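Remarks on the structure that follows.
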Amino acid sequence: MRIKYVLASSRDKSPCTCEIYPNERVDFFESDEFLQSLFPHTNLSEDWTVGTLYRSGQEFSYTQSKSATKYFLYNTIRSIRHESGRKDVYSLAVVTREPFYAVLKPLLADASRIYAQDPAPGLLAEVYHAIHGINTRQMPLFTHCEKRILQMNAQKSLFCDYYASQGPAGQPADTHFYIAGTTFRNKQYLVKIPTDLEYHNAGEFSVLNLVKRLLRFKVHGSHPEITPYGKTTPAIIALWLAMLTGKRIVVPKGESMSACQLCELVLAISFLGGAAGLLDTHRWTYPYLPTAADLPAPFLIGVETLPGSWDVVVDVDHASLHLNAKCDMGSSPLLCIDSAFIRETQEAITLPEHDMREHVVRYTTSLLRALGREMLLYQASLRGDIWEAYIPGYGYCWTEEQEQLLFEQTYFSIENAWKQSQSFEHFLTTTALDTWPQAHKPVVDLRYHYGVLRHGDLSAETSATIYQLLCKHINDVVDITQFLAVTNSIYYLVLGIYHPYADVRDAVGQLLLRIQKHSAGALYFMELPPFHSIGLQLALQERQLQANAF
């Protein structure tokens, strides 16, 4: 595992300085602003913060640019209170690009305790080399689509063939984690590295706990770009739209919150913003900073005190979402897409964490695709795809035209604000990878066509066209992986083996055979009721009988 620096500092020294290993001079680490961020106000003997830094050339700062490299600052704070009443506070932190930095918590906790008792000069070097001793060379490098499948499916043997070269002893009990180890001060540390981590889901946090909080929140104020339903807009929708349209969002530290809890809350909100994989929320998320005075908009930040300029405040103590707007928009009932989300969210709070994450991803992806429908097609044209190869049908799958018109009217101001934001630029660049992954293949929006099968009351002719389309364009391993990543299901595809048209039954049967040979697809098929296996065998037997007849 690679880290850039190990940092140590203490408040019992005056002036407060920062020790660095490897020993390099980094002016930013000596600044008062940075040193202040290492010591949050806390009454705990041990606390944690997560920071976001950007490096451009040799200089670090909090301000990102397109050419800057993102780093995480994972910081442990240890307080020692003496009988005299004096309180010494120590900080030990690592700077790394790895999104799985949270696996270092046990090692850093022990190292910070040693540093507080005896800040020996060689300790930082020991920590640095112990972390570099975590061997991740055999850790599988999953693609974006493969990580999406891992994030949405809890099956413990997904992509187990990636470990085939390591023999039976190297087969993990759960492919969602890579097991490694290291030694520090003669103590062994076992490290479970999540294999599905990306920047939008880095860190330790619970989306389930965040959603439970937000369901109790009240929205105070109205804003045409945040509250499409005025005062009745649910807080979880208003918060997501604030991130979509690039607002300045502040999460002040609650009276009973630790610094660690504040960071976890901000990281969970960041996941909510980037859950669809098409927003760059993680690029302007700062889980903890003392102040946001010099940050450009937009930002999502956890702070000790409110800055002078903000658009949205997430007030945990009073379960409120405060909007910096004075317009009164009245109220209106929720559209079907949003009312269904709130209803299903209330039902989903009893489900496991990964189910709630999948639920949030599904909704935010749908909303983005509804807002950016024309941009999906525009992006395909920018990539030079030939229109003869374009397959009609893309974007969000509406069941009724009237519902689409109401959505466009309700979200008109939001869509215009989004197109002026930084997240829209990110949407244009990432959508090409998510929707049109390979320019040399025909342009097919698999998510849309599968959605038609799921939502539509279709005639035999219409459903036959869609089944044949999917069977024709889902061929190799890459196609199947992309299909599973965007649908997380093959249930409605399997129903094609009962279609009234024989050629459809045959085509779907052959596609299901290809999916059964896929590392993850086989597990999706195993999750289906057993009678579908019988249906597949009947479809294959029908094909064989037709072949014998000729």
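The values are calculated or read from the model by the stated rules, or taken from the named source; none is laboratory data. Treat the numbers as computed from the prediction; the structure is a model and nothing was measured. Here Cβ is always computed from backbone atoms with ideal geometry, including for glycine, and neighbour counts include all displayed protein chains.
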Self-check item: helices (runs of 4 or more DSSP H) within region 110-216 that include 1 or more residues within 25 Å of CYS260 (Cβ to Cβ), in contact (Cβ under 8 Å) with a residue 24 or more places away in the chain and among the basic types (Lys, Arg)
Solution: 207-216
Quiz item: What residue, among those in region 56-101 that are among the small types (Gly, Ala, Ser) and surrounded by 20 or more Cβ atoms within 10 Å (Cβ to Cβ), is farthest from the chain's Cα centre (by Cα)?
Solution: SER91
Quiz prompt | Boolean, SER519 is in contact with a helix residue (DSSP H, G or I) (Cβ under 8 Å, 6 or more places away or on another chain), assigned by TED's automatic domain parsing to the domain that holds GLY451, polar (S, T, N, Q) and surrounded by fewer than 18 Cβ atoms within 10 Å (Cβ to Cβ) | solution = no
Practice problem: Could you check how many residues of region 261-299 are closer than 22 Å to TRP48 by Cβ, part of a loop (DSSP other than H, G, I, E, B) and of a type in the set (Gly, Ala, Ser)? | Solution: 1
Quiz item: Any chance region 32-52 includes a residue that's charged (D, E, K, R), assigned to a loop (DSSP other than H, G, I, E, B) and over 31 Å from the mean Cα position of the chain (by Cα)?
Solution: no
Quiz item: Can you name the residue in region 461-473 that is of a type outside the set (Lys, Arg) and surrounded by fewer than 20 Cβ atoms within 10 Å (Cβ to Cβ) and is also nearest to VAL508 (Cα to Cα) among such residues?
Solution: GLN468
Quiz item: How many residues are in a loop (DSSP other than H, G, I, E, B) and of a type in the set (Gly, Ala, Ser) if we restrict to region 220-260?
Solution: 6
Practice problem: Only one of these is in a helix (DSSP H, G or I) and small (Gly, Ala, Ser): SER309, SER339. Name it. | Solution: SER339
Quiz item: Quick check: anything in region 164-175 crowded, with 18+ Cβ neighbours inside 10 Å, modelled with pLDDT of 90 or more and of a type outside the set (D, E, K, R)?
Solution: yes
Exercise. Taking the residues in region 215-233 that are in contact with a helix residue (DSSP H, G or I) (Cβ under 6 Å, 6 or more places away or on another chain) and surrounded by fewer than 22 Cβ atoms within 10 Å (Cβ to Cβ) as candidates, determine which candidate is farthest from THR175 (Cα to Cα).
Key: PRO224
Quiz item: Which residue, of LEU458, LEU528, is of a type outside the set (Gly, Ala, Ser), part of a loop (DSSP other than H, G, I, E, B), surrounded by 12 or more Cβ atoms within 10 Å (Cβ to Cβ) and free of Cβ contacts under 8 Å to residues at least 12 places away in the same chain?
Solution: LEU458
Quiz item: Any residue at all in region 261-274 that is surrounded by fewer than 21 Cβ atoms within 10 Å (Cβ to Cβ), assigned by TED's automatic domain parsing to the domain that holds ASP315 and under 13 Å from ASN209 (Cβ atoms)?
Solution: yes
Exercise. Would you check if there is a residue in region 30-46 being of a type in the set (Ser, Thr, Tyr), touching a helix residue (DSSP H, G or I) at 6+ places or on another chain (Cβ under 7 Å), crowded, with 20+ Cβ neighbours inside 10 Å and touching a residue at least 60 places away in the same chain (Cβ under 8 Å)?
Key: no
Quiz item: Of all residues in region 308-320 being closer than 24 Å to PRO296 by Cβ and in contact with a Lys or Arg (Cβ under 7 Å, 6 or more places away or on another chain), which is surrounded by the fewest Cβ atoms within 10 Å (Cβ to Cβ)?
Solution: SER309
Quiz prompt | Exclusive hit being at pLDDT below 90 and either more than 27 Å from the chain's Cα centre (by Cα) or not aliphatic (A, V, I, L, M) (or both), set SER519, SER533 | solution = SER533
Self-check item: In region 269-326, the residues that are without any contact (Cβ under 8 Å) to a residue 60 or more places away in the chain, of a type outside the set (A, V, I, L, M) and more than 22 Å from TYR71 (Cα to Cα)
Solution: THR305, PRO307, GLY308, HIS318
Self-check item: Extreme residue, modelled with the highest pLDDT, among residues of region 419-446 that are part of a helix (DSSP H, G or I) and buried (at least 21 other Cβ atoms within 10 Å of the Cβ)
Solution: LEU446
Self-check item: The listed residue being part of a helix (DSSP H, G or I), touching a His at 6+ places or on another chain (Cβ under 6 Å) and among the aliphatic types (A, V, I, L, M), out of ILE480, ILE534, ILE515
Solution: ILE480
Quiz item: Quick one: TYR378 ticks every box in (1) under 25 Å from SER463 (Cα atoms); (2) out of contact with any Gly (no Cβ under 7 Å at 6 or more places or on another chain); (3) assigned to a helix (DSSP H, G or I); (4) at pLDDT below 85 bar one, so which box is it?
Solution: (1)
Quiz item: Does LYS253 satisfy the condition of being closer than 23 Å to LEU208 by Cα and of a type in the set (Lys, Arg)?
Solution: yes
Quiz item: Considering region 531-550 alone, what residues qualify as being in contact (Cβ under 8 Å) with a residue 40 or more places away in the chain and among the charged types (D, E, K, R)?
Solution: GLU542
